[in-house]
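Below: one structure, written as structure tokens.
The values are calculated or read from the model by the stated rules, or taken from the named source; none is laboratory data. Source: prediction; values computed, not measured. Virtual Cβ from ideal backbone geometry, glycine too; neighbours counted across all protein chains shown. The area values use the complete protein model at the heavy-atom level, side chains included, leaving out ligands, DNA and RNA. Shrake-Rupley method; radii C 1.70, N 1.55, O 1.52, S 1.80 Å.
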Amino acid sequence: MLLKDEVELLRRVPLFAGVAPAKLKLLAFTSDRVNYAAGEEIFHQGDSGDAAYVILNGTADILVDTPSGEIKVAEAEYSSIVGEIAILCEVSRTATVRAASPLDVLRIKKDQFLKLLIDFPEITIEVMRVLADRLSHTTQELTLARSQLKASE
Amino acid sequence: MESRLTRYIWKHTKRQQLYILLVVALSMVPYFLSFDLPKQIVNGPIQGKGFEDPGATQLFMPISLDLPYFGTVQLFEGIPLDRMHMLFALSMVFLVLVVVNGLFKLYINTYKGRLGERLLRRIRFELVDRILRFPPQQFKRIKGAEVASMVKDEIEPLGGFTGDAFVQPALLGGQALTALFFILMQNFWLGLIAALMVAIQALVIPRMRRKLLVLGRERQLTARELAGRVSEIVDGIGTIHAYDTSNYERADIAHRLGRIFKIRYDLYQWKFMVKFINNFLAQLTPFLFYCIGGYLALKGKLDIGQLVAVISAYKDLPGPLKDLIDWDQIRQDVQVKYVQVVEQFTVDGVMDPKIQAPATEPPPRLTHPLSAINLSLVDDSGAKLLERVSVQINPGETVAVVGRTAAGGDALADAFGRIIWPESGRVAVGSDDLLELPESVSGRRISYVSSEAYFFYGSLRDNLTYGLKHMALRPATYDDVRMKERRWEIAEARLAGNPDYDINGDWIDYSSANVKEPDQFFDAILEVLDAVQLSSDILDLALRSSMDPARRPDLAERMIELRQALGGVLAAEGAGGLVVPFEPGRYNTEATVGENLLFGTATGPELSGTAIADNAYFRSVMTSTGLSNTLFEMGREIAANAVELFSDLPPDHPFFQQLTFMTADDLPNYQVMLQKLKGRGFAEATREERLSIIRLSFLYIEPRHRFGLLTQERMAEIVEARRQFHEGLPEELRGALETYDPARYSGSATLLDNILFGRISHRHPDGANRIRSIVAGMLKSRGLYDDVLEIGLEFDVGPGGRRLTSTQRQKLNLARALIRHSDYYILNRPLPGLDHRLQDEIVRSVLKLMEKDGRKPAVLWVLSNANLAPLFDRVMVFERGMLVGDGAHHELRENNDTFRQLVS
């Protein structure tokens, strides 16, 4: 997969959808293309995070440690991004991600991503917009859940 | 050492001085004969005196002695010769005398030179010997470079002076006195005038030279300080850069140089002034002769014949006199230099040479306790480091010393290590004072390690075994030629008062490392390296270093086997694509285009770096295959991509690090170039444009840069060009390129590159580390680990060990003490820079190693981390220079507040 295909793919990631293609190309160029074999861990729950991963090919399982063992909570595939929270704020990984099939990912390193945000405010605004969308979405859901909870009481 | 140079020279060379004086006196005989001979030749055969009658003969070389009481004794009657024969005979004698005089001169000069060099060698050695015996506190006050400049430069003129020290004044003084005597013989009063003038010269000139001596001393001191400052700049270069003080250093150096210039200029002014006065005084005497003598002669009060005789006798006086005065100047000069140096080396408390005398027998084991008795220590400023502490460490006991930094424990360890000498009280082994024990006992049976590690220039192995080199135990084996040289070395060393230890012998004391045979020594090294966790560092060093396959053909062969097996092992580990190997006839996608094209390592200047673009053969292949066109098109696309990606980033942006094929400064140039090249192809581009553009494609790696430029066709084209390039490689370039050959070990590549024989894929997370651990595992399983580690031990540590990291230095510092089997180990915070986990592991493994094979040495370990105290039999707690707790760990935990604070 070439740089320009990676750019196409990045545009499908909601977080980057509004960013100009030229900047996405720079982001792609400064990121690493990494392969994982099936079963290999990309990161583990509790690790400190230093990169986000965009899946270019293959699928990955998102797993959470519980007292009763590891539970698969979701699956990530083509064009989805995992670990993006870690590159925006200092939190340790909230889940484990493991390759379910041979996996081809683009590793976006935290400091490079932050550097991009500093140099190109238009990207920052786009990312902020997406995050605000998510927040309002979450708030809505929370309000809905609360009212449902109250109603059921 | 003697305070006067002449006394020093006399003491060490009196026999030679007397001998050379005798030879000089002997050499005077042919010298004076050769003066008389020309007159004889001119008067006799040439002008014909005594040959007035044709056919007349004269006696050639009659030798007779006029002896008192005996009368004349005829030793040789002489041969009657005619005029022509006489001319040839006398000329031949003249020739013989010339040769004899020349030979005498050669012999005398060589002899004097040798005498001087031997004395120089002796004094240099004596100075260094003194440095080795200085008391430790002396080293807090002296600068290494200043001492080095004293030993090397300041002493140097002494050698030249030695040969002339006694011969010159005797010879010149004799000549001057003879000349004076002759003048006195001619006319007493005129002679007296000459003598008076000589006396004035002898009184005035040395007085005037006193200032020269003062200046000379200053010159010496300032030059020495300059040497010290230059070495400070070299040692402190990191600090200078860090604080931007380079201009302060420039100012200081310029100021010093200015001072040195002023001193030297003053020196010249005085020197030539003195010379002028000296010459003037010397010329004053003939003036007096002409003026007063002439006046008296004209008045008829002096016989003209006498005056002429005095004037002609006088011409022999100024020469020797001037030389004598010059000699005196040199004498005073070197005397000053000598005194300056000797003062610096005369220090109170220099160790007795007996303490460092080489031991002929292995020193006995220390079976008595090591103790400090009422020991007080102070630092250089006089502050108390330790106050009246009495402790005893019994053989076989392990003791932890804890306390805050500078609480006193470190000072106690320093005292046991003989780094600080007691202010009062004493340090003893049994009843013997530690400082009076020979170093062959205290420096072997006790091993001291501090956090300040010094390493000597050389390999890791040299430094690791440094603590075992007490004596040349096994002499080196020499062939006949070298043996002769060695014997000469020994004889010379003795003549100059130097020891004749053989530096080429085997100095490593294997028995100190408790090894019977030298070939088991490596196992001992391995054990120690493992204990301090240095082995993996050394393995890395080995993998990154290169090895000459001609030196270790067996190992090179095993490495090739390893290379061939690597693919299988990687596949088994599930890391099949981790390394993309080089295959002849295939394009390696993880390597650059340039590497793929050259497919080898450039070993000569013709094909390395940018020179390859100028190589006629390389260019002809590029053109004939049409590759230059392809690469030009590729390069143009790379440039276009780079400009698109980076043109609106500031030049210092960190993203430029990703741009491996150009720098931020190049970017605008390429932008302009692309504009110019629009609509023009390879054929229309200028030579510079072609070079700059093609250069970009040389560094391109598809999986890394992902511009999508390397199609299958292009790769095939490059491989084809490679084939043609290799096939037609002209004879003169064969030595400049070592092509990748799967079956051959390459001496120009690192060990790791030789094993991998390919490039690590960019697509694997943490690929380099994974491959390293896989390769290490393979080396171990194939029994090659030791051999490779041995290559790592050849790593050159640089001056002061600066090529190692500080962690590696600390580990090596501990390792070189551990390899010695001592009765006491004094470890003074040996691992301060290491993190706690690593410290913990190393302390445990070191204690375990020491007790291996039933050994039970005593250990005094000043811990950086008090939590490791439970590992020891006994714990000492220090606070403010006093011992505030001493006992087993659990006792102290219960009843010692200071200790509880330290471990909490």
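A few points about this structure:
- Cross-link partners of A:Lys115 among aspartates and glutamates, defined as those whose alpha carbon lies under 13 angstrom from its own and excluding same-chain residues fewer than eight positions apart: B:Asp652.
- Helix B:806-818 axis, angle to chain B major axis (alpha carbon atoms, nearest 10°): 70 degrees
- Calculated translational diffusion coefficient of the range B:161-350 (20 °C, 1.002 mPa s; Stokes-Einstein with Kirkwood radius over alpha-carbon pairs) equals 105 µm²/s.
- Rounded to the nearest whole Hz, the Karplus-based 3J(HN,Hα) values (6.51 cos²θ - 1.76 cosθ + 1.60, θ = phi - 60°) of the range B:38-45 follow the sequence x, 4, 4, 5, 5, 5, x, x, with x at glycine and proline.
- For B:Ile200 and B:Val308, a Förster radius of 30 Å and the Cβ-Cβ distance give a FRET efficiency of 0.75, rounded to the nearest 0.05.
- Highest average packing first - B:815-826, B:367-378, Cβ atoms within 10 Å: B:815-826, B:367-378
- Highest mean packing first, where packing is the average number of other Cβ atoms within 10 Å per residue, the peptides B:121-129, B:381-389, B:345-353 line up as B:121-129, B:381-389, B:345-353.
- Charged side chains reduced to their Cβ positions (Lys and Arg at +1, Asp and Glu at -1) give the range B:1-133 a dipole of some 1500 debye around its Cα centre.
- For the range B:142-215 versus the range B:882-904, the gap between their alpha-carbon centres in whole angstrom: 73 Å
- Rounded to the nearest 20 debye, the dipole size of chain B about its Cα centre is 2800 debye, using +1 on the Cβ of Lys and Arg and -1 on the Cβ of Asp and Glu.
- Shielding by other protein chains, B:765-772, mean Cβ within 10 Å: 1
- Inter-site label distance for A:Gln148 and B:Ser34 at 7 Å from Cα along Cβ, in nm: 12.4 nm
- Surface per residue (accessible, 1.4 Å probe) for chain B, Å²: 52 Å²
- Ligands, DNA and RNA left out, the 1.4 Å accessible surface of the protein assembly as shown is 57% carbon and sulfur atoms.
- The Rg/Rh ratio for the range B:399-519, using Cα coordinates for both the radius of gyration and the Kirkwood hydrodynamic radius, is 1.08.
- For the range B:592-739, Kirkwood radius (reciprocal of mean inverse C-alpha pair distance, Å): 16.1 Å
- Nearest 10 degrees, 0 to 90: helix B:535-544 Cα axis against chain B principal axis: 80 degrees
- Comparing Cα centroids, the range B:695-738 and the range B:342-387 end up 67 angstrom apart.
- Dimensions (Å) - the range A:3-152, Cα atoms, principal axes, largest first: 52, 36, 25
- Those residues of the range B:647-692 for which accessible area with every protein chain present is at least 20 Å² below the isolated value (1.4 Å probe): B:Asp648, B:Leu649, B:His653, B:Pro654, B:Phe655, B:Gln658
- Here's the picture: a label point sits 7 Å out from the Cα of B:Gln564 along the beta-carbon direction, and within the range B:582-610 the residues with their amide nitrogen under 17 Å of it are B:582-584.
- Shielding of A:25-32 by partner chains, average beta-carbon count, 10 Å: 5
- Selected from B:Ala817, B:Val903, B:Trp861, residue furthest toward positive end of dipole (the range B:761-904; charges at beta carbon): B:Ala817
- Calculated log₁₀ intensity ratio I(q)/I(0) where the Debye formula runs over C-alpha points of the protein assembly as shown, q = 0.05, 0.06, 0.09 Å⁻¹: -0.61, -0.81, -1.25
- In the A-B interface, the accessible area buried, summed over both sides, Å² (probe 1.4 Å): 2000 Å²
- Unit charges on C-beta of K, R, D, E only; dipole of the protein assembly as shown, Debye: 3840 debye
- Alpha-carbon centroid distance for the pair the range B:820-838 / the range A:50-109, whole angstrom: 44 Å
- Too-long pairs where the Cα-Cα distance tops 30 Å, listed order kept, from B:Lys11/B:Lys105; B:Lys384/B:Lys852; A:Lys110/B:Lys678; B:Lys105/B:Lys211; B:Lys112/B:Lys271; B:Lys14/B:Lys469: B:Lys384/B:Lys852; A:Lys110/B:Lys678; B:Lys105/B:Lys211; B:Lys14/B:Lys469
- Taking amide H as placed 1.01 Å from N in the peptide plane, B:His470 has its amide H under 5 Å from the amide H of B:Asp509, each at least 5 places away in sequence or on another chain.
- Estimated from the Cβ-Cβ distance and a Förster radius of 35 angstrom, the FRET efficiency linking B:Arg114 and B:Arg544 is about 0.10.
- Taking all Cα pairs closer than 8 Å and separated by 6 or more residues, the relative contact order of the range B:161-350 comes to 45 percent.
- Inter-chain Cβ neighbour average for residues A:110-120, partner chain, 10 Å: 2
- Qualifying lysines (Cα of each under 21 Å from Cα of B:Lys143; at least 8 residues distant if same chain): B:Lys152, B:Lys337
- GNM remark for chain A: springs join alpha carbons under 10 Å apart, and the peak mean-square fluctuation among A:Ser80, A:Ser101, A:Ser68 falls on A:Ser68.
- Percentage relative contact order, chain B, counting C-alpha pairs under 8 Å, at least six apart: 17 percent
- Computed on chain A, with alpha-carbon pairs under 8 angstrom and 6+ residues apart, the relative contact order is 29 percent.
- Expected 222 nm ellipticity per residue - DSSP helices of 4 or more, -39500 (n - 2.57), all of chain B, to 500: -18000 deg cm²/dmol
- Full-stretch length increase - B:Tyr454, B:Asp652 - with 0.36 nm per residue and alpha-carbon distance subtracted: 67.4 nm
- For chain B, the longest principal axis of the C-alpha atoms and the axis of helix B:553-572 are separated by about 20°.
- Helix-only arithmetic for chain A: the sum of -39500 (n - 2.57) across DSSP H runs with n ≥ 4, divided by the residue total, places the mean residue ellipticity at 222 nm at -13500 deg cm²/dmol.
- Given R0 = 22 Å, the distance between the Cβ atoms of B:Lys856 and B:Asn374 translates into a calculated FRET efficiency of 0.20.
- Residues of the range B:555-594 with amide N under 19 Å of the 7 Å Cα→Cβ point at A:Glu40: B:566-581, B:589-591
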